[in-house]
Structure formats: structure tokens, C-alpha cells
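Here the structure is laid out as C-alpha cells; the discussion comes afterwards.
No value in this document is a laboratory result; all are computed from the given coordinates. The structure presented is a predicted model; accordingly, all values stated were derived computationally and were not measured. Here the Cβ is made from the backbone with ideal geometry for all residues, glycine too, and neighbour counts use every protein chain on show.
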Amino acid sequence: MAVAPAPAVAPTQTQPALSAAEQQFRAWLAAFNASDRAKLVAFHDQYYPVKEGMPSIDDELEFRTQTGGFEIKKVESSTPERTEMLVKEQASDQFARVMVEVEPAEPHRVRTFALRAIPTPDEFKVHMSEAEALAALRAELEKRSAADTFSGAVIVAKNGAPIFAEAYGFADRDKQIKNTLDTRFRIGSMNKMFTAVATLQLVQAKKLALTDALAKVLPKYPNQNLAKKATIHHLLTHTGATGDIFGPEFDKHRLELRTLADYVKLYGTRDLEFEPGAKMAYSNYGFLLLGVVIEAVSKQTYYDYVAKRVFKPAGMTSTSSPMEDKAKESNRSIGYMRDPKAGWVPNTDTLPIRATSAGGGDSTVKDLLAFANALTSNKLLDAEHTKLLTTGKVDMGPDTKYAYGFMESVQDGRRCFGHGGGAPGMNGQLTICDDGYTIVVLANFDPPAAGRVEHFVLERLPTK
């Protein structure tokens, strides 16, 4: 028997009034989604003044470009002074939980505004077969490529063998040279995986201990307080309080930093930012120091060590860290940054003169799949140390922990580990799952170009 659908709102019904907190969020969201600078400025001036440590208006507008804005999917709770909602990026599948608290008295200024990325809630998950997931991925990549929001290469493998492998966009936009599966992309922080493997190789060989203080390996390190307190474990987990390498000093000396020792000369006198082990604070300098440790213990340059002990046994023939002013590889992609006025522009003037143990090298999707296969088959480390390498140690958020140069997550019973990399004009992600799936995405566009693609397919691949 057919039943006529009821109207969305019966004639005699009225919609419940929105709480003050919900009204404030919706007012901000309308300005944000419209990319309306004047309205965002007016909202902040009246209700939520921008203070030190908060995102600027320019930051919010850049965030709008990345996310495409947000759609409210569900109001989870709402009182006059506080609301929690589920929202989804309009440019991707990424969900977030937003919480807004306002003052009880008019004009209900905002006290707290928190927006945190979360895994897709169960009620919004998409369930597909493997074939359906790969067909959806192909369609999504074609759409993103046509919209000029993705340029790169993608491999999805099952039990080590590719089941999807495609490239999109251009390695060189001016010359119209297309990306291929053999194109070399800059991979940002993905090099941290290689550095962590190399460090654990030395631990496995009993040439180094995770509990060793930096001073034991580098007795002449300039800041002895840091060297005596920060251990190898701390450096591998970003809990060593060693700070970053990027900022005004890097910009000033970018073309002079040709070796790992050059970075130590520049930053080695800095003291700890906090007591090691007290918290996690992502530290590129910590992983750079691991490269210096590898050099001291192995008596080789970091670059020679990983080439011989990581890349060669894994069968990685297109992964390296050439000097930018001497690079001759013809199949390297140019990284492109989005400029609000000029569109996609090369990132050449932002690059380090050479990649470090913290990141910035070149690789291909094929090589990163070879690395994943070598790692999971214990060709790089024995089973005990592979497990030690990839098992989470420091909480990062819902269902995610940082291991040693890898991030471990468990969602829907599926355990995965890997690492991403991102900087202007480069983005990548390697995700290795215990159920046999491996996802490799490299892009020569700004983040989160690759991360979005990885998230899209991982959300759709079936779980056992």
C-alpha cells in the first residue's frame, strides 16, 4: 500500500528556536563557507576576537580553501550556552566534531570554539565491496583531476600486488609533461620512516640502545643539557623537546644547509623546550638528530647508509635525496603551491638545498610499495623489531598513536600504520594495513591533496 510522504514540517508545527551557541556557530559557518572576509572579520570583532595563538582571518580563509567549507550533519547536543555538532568537509569525506560555548548574557560572545577531526561516525560510513571501492576511487580521482585539485600518482595493493595503479595531472605544467607511476615526487616527512628503520637496524645490531641519551653517541653535542636528557626513544617519538628546523633561521640560511652537520651548527646550542617525555611535540630537528646519530654509529653519511641498508634491500631504485642545485633526474615532478591570485606556482624557492633525515627526499609510488612489502616481510628488520617499530607509543588522538617514525591507527577493527608528508607543493601518504591492503598516494600539490585521496579509499575498502 502506498503511503503519501508527510511534509517536512506540518502546517501547525514551528521549528524549535536555535540556542545562542548554535546561532553563533551557524553565523560563523555562513561567513566561512562563503569565504566572506568582511563577514568573518565582523563576526570575530563582535563575538570572538582574534588573539595571539588563534588562527588569523587569512588562516581561516586558507582552511576554507582546503576543506571546501563544512556541512552540518548532526546536532549532537545543544543547550543555550553550549552546542556540539558533527560536520563534514564539503571537499572530502573528513568529519569533525565542533563544540561552541558562549557567554550566557547577550550578545553571547564565544568563550570556546573547538573543531577536531574525527573518524567517520558509524551512522555515516559507506560500505562497499572492493570492486565498488576501486571504481569509486577512479571516479573521484578523475573528478579531482578535472577540477585541478589533484595531481599525482596512486597505488592500492592487496597482499603486496597492485589492484589499482594510476597517475593524474602534470609533473611539469608549463611543458605539459604528465605524471606517471615512475614520476619522482618529493615526499616530505615520509623520509622519517626510512630514518626510523635505519635507527632500529642499529638497535637490532646492538650498536645503539633506545635508552641511550644523545650525549652517549654525540659527546660533543653543543647543548649538553639537551644531549644528556633526550634519548633515542624520545627522538623517535617526538617527545624529545628538540624543536623544529623551519622558521626565520632556516629561511635565512636555506641555501647553506647542505649537510646534517650544518643544521647542528645552526641549532645545536638551543636548549630543551620542555622536559623530554613530558609530552609529544612534532620535531623535525629530533629526526634530523637521528640522522646525525646514524652517521656517528655507522661511520657513513646518512644518505649512504639508507641507500645501502634500506633502499637497496627493499628494491627501491628511484628514491634519493639529491642536492637541489645538482639534481639531474629527468623524471622529478615540480611541486606546485596554490597562490590566491596566481593559481598554481612552483615551490622551488621554498625547498631545502638537500633533504634530511627528517624529510624532503624523492620517491615514487612503486618504490614506496616496495618499501612496504620489504618491511612487512621482515627484509629490513626482524619480526620483533618490525613490531617494535610500528606499534604505537604516544597518543595522538582518537584511535591513533605515534610509534617510531610511523603512526598506528585502529578503525573498524582494521589496524594500519604508515606516515604522511606535507609541505607547500608536496604531499604524500603511505598506509599499510594488517588485512593486506596498502595505499600509496603521492602528489605535487599542497596538502591535503594526497591525504584526502588516501582517506577516501581507506574509508571504502571492505574490512574483514
Which translational diffusion coefficient, to the nearest whole µm²/s, is obtained for the range 72-205 from the Stokes-Einstein equation, given a Kirkwood hydrodynamic radius over C-alpha pairs, 10 °C and 1.306 mPa s? 82 µm²/s
With the range 193-303 reduced to its Cα atoms and the Debye formula applied, log10 I(q)/I(0) at q = 0.12 1/Å amounts to -0.37
Compute the relative contact order of the range 318-464 as a whole-number percentage, counting only Cα pairs closer than 8 Å that sit 6 or more residues apart in sequence. 19 percent
In degrees rounded to 10, the 0-90 angle between helix 20-33 Cα long axis and the longest Cα principal axis of the chain is 60 degrees
Which listed pairs, of Lys207/Lys229; Lys252/Lys326; Lys252/Lys308; Lys228/Lys279; Lys206/Lys387; Lys143/Lys328, have C-alpha distances above 26 Å, in listed order: Lys252/Lys308; Lys143/Lys328
Taking only the alpha carbons of the chain, the radius of gyration and the largest Cα-Cα distance, Dmax, both in angstrom, are 23.9, 85
Suppose every Lys and Arg Cβ carries +1 and every Asp and Glu Cβ carries -1, with no other charges. What dipole size does the range 20-118 come out with about its Cα centre, to the nearest 20 debye? 180 debye
Estimated FRET transfer efficiency (Glu329, Glu123; beta-carbon r; R0 35 Å; 0.05): 0.15
Can you order the peptides 91-97, 51-57, 252-258 by their average number of other Cβ atoms within 10 Å per residue, highest first? 91-97, 252-258, 51-57
Report Rg(Cα)/(2.2 N^0.38 Å) for the range 67-120, keeping two decimals. 1.21
Summing Lys, Arg as +1 and Asp, Glu as -1, what charge do residues with Cβ under 13 Å from the Cβ of Ala314 carry, Ala314 excluded? +4
Give the Rg/Rh ratio for the range 20-118, taking Rg as the radius of gyration of the Cα atoms and Rh as the Kirkwood radius, to two decimals. 0.94
Where does helix 449-460 land angle-wise versus the long Cα axis of the chain, in degrees 0 to 90, nearest 10? 70 degrees
Assign unit charges at the C-beta atoms only (+1 for Lys and Arg, -1 for Asp and Glu), then state the dipole size of the chain relative to its Cα centre in Debye, rounded to the nearest 20. 1440 debye
Once every DSSP H run of n ≥ 4 in the chain is given -39500 (n - 2.57) and the sum is divided by its residues, what mean residue ellipticity at 222 nm do you get, rounded to the nearest 500 deg cm²/dmol? -9500 deg cm²/dmol
Can you sort Met99, Met407, Met426 so the residue with the fewest Cβ neighbours within 10 Å comes first? Met99, Met407, Met426
Nearest 10 degrees, 0 to 90: helix 130-146 Cα axis against the chain principal axis: 90 degrees
For Phe170, the residues 5 or more places away or on another chain with a placed amide H closer than 5 Å to its own amide H are Asn179
Per 5 Å bin from zero, what fraction in whole % of the C-alpha pairs of the range 239-283 is there, up to the bin with the longest pair? 5, 22, 26, 22, 16, 8, 2
Go through the range 322-339 residue by residue and turn each phi into a ³J(HN,Hα) via Karplus (6.51, -1.76, 1.60, θ = phi - 60°); whole Hz please, and just put x for glycine and proline. x, 5, 4, 7, 10, 5, 10, 5, 7, 9, 7, 7, 8, x, 10, 9, 7, 9
Considering the dipole of the chain built from charges on the beta carbon (Lys and Arg +1, Asp and Glu -1) around the Cα centre, which of Ile163, Ile294, Phe445 is farthest to its positive end? Ile294
